[in-house]
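Since the structure comes first, as structure tokens, the remarks are kept for the end.
Each value in this text was obtained by applying a stated rule to the coordinates, not by laboratory testing. Not measured: the values here are computed from a predicted model. Positions of Cβ are backbone-derived with ideal geometry, glycine not excepted, and every protein chain shown enters the neighbour counts.
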Amino acid sequence: MSDNKIKIGISNKEGQLGFISARGGLRERAGRKSIGATRKVSLTLTDDLWDQIDSYCKEHNLSRSEMMRKVLESYFYN
């Protein structure tokens, strides 16, 4: 077994923990950019519509959330 130890540090963001490695530590603004406040929603759609959504997401390398966000932004902001 190795002698590597894992350190856990407190992030600058409230309520979050992060791993600290020997080669660095927690970095300000590291990681994915925040898109703001998030809320989960539930949708009831036909199987055919879900299949079309999944096909589009796979073809364009998007998550369902990313695709729905783009659709809604296009509708409201364009």
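Tabulated data for the structure shown
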item	result
Virtual spin-label span in nm between residue 39 and residue 74, 7 Å along Cα→Cβ	2.4
Taking 65, 74 and counting other C-beta atoms within 10 Å, the order from fewest to most	74, 65
Spin-label model distance (nm) - residue 64 vs residue 48, 7 Å beyond Cα toward Cβ	1.9
